[in-house]
Structures are given as structure tokens and as C-alpha cells.
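First up is the structure itself, then whatever we jot down about it.
The values are calculated or read from the model by the stated rules, or taken from the named source; none is laboratory data. Because the structure is predicted, anything quoted here is derived from the model rather than measured. Note: ideal-geometry Cβ built from the backbone for every residue, glycine included; neighbour counts use all protein chains shown.
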Amino acid sequence: MLKNPTSRFIKVKCSQCKNEQTVFNKPASQVMCLVCGKILMEPHGGKGKVQTKVVQVME
Ligand SMILES: [Zn+2]
């Protein structure tokens, strides 16, 4: 099993349309809402910058 403590998936909720989706916390590019296209995450210094509400962090 691959173990990387800084890489995980988080569940975020779109602040615009309330869609929930699971995203990688270190995206290589912008992550957009699958429903409305709002930007949910942006790559930021090797990490992801969350632009919306985090619902849950996957362990
Ligand atoms: Zn949305």
C-alpha cells in the first residue's frame, strides 16, 4: 500500500450549487465543480488551495 501522509482525498461541497464531490488535495490543475463549473480547488505551492467548503477529509 502506498503511504503518503500529505496526499489524501477530501470531500468538498460547492458553495454555488451544493454539489458534493471528492477531490485530491494536491491537484495538478484547477478542479472544477462537475455540475456548475465553479472552481473548487487550485494548485498552490505543491498543495491544493480549497476555494469552497470542505465537508470531510478521507483517512
Ligand atoms: Zn457547483
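A few remarks follow.
- Test: GLU59 is free of Cβ contacts under 8 Å to residues at least 40 places away in the same chain and either surrounded by 13 or more Cβ atoms within 10 Å (Cβ to Cβ) or not aliphatic (A, V, I, L, M) (or both): no
- Criterion (in contact with a strand residue (DSSP E or B) (Cβ under 8 Å, 6 or more places away or on another chain), modelled with pLDDT of 95 or more and surrounded by 14 or more Cβ atoms within 10 Å (Cβ to Cβ)) met by exactly one of LYS53, LYS38, LYS26: LYS38
- Residue match in the stretch 34-50 (condition: within 16 Å of the ligand (Cβ to nearest atom) and either at positive phi or in contact with a Phe, Trp or Tyr (Cβ under 7 Å, 6 or more places away or on another chain) (or both)): yes
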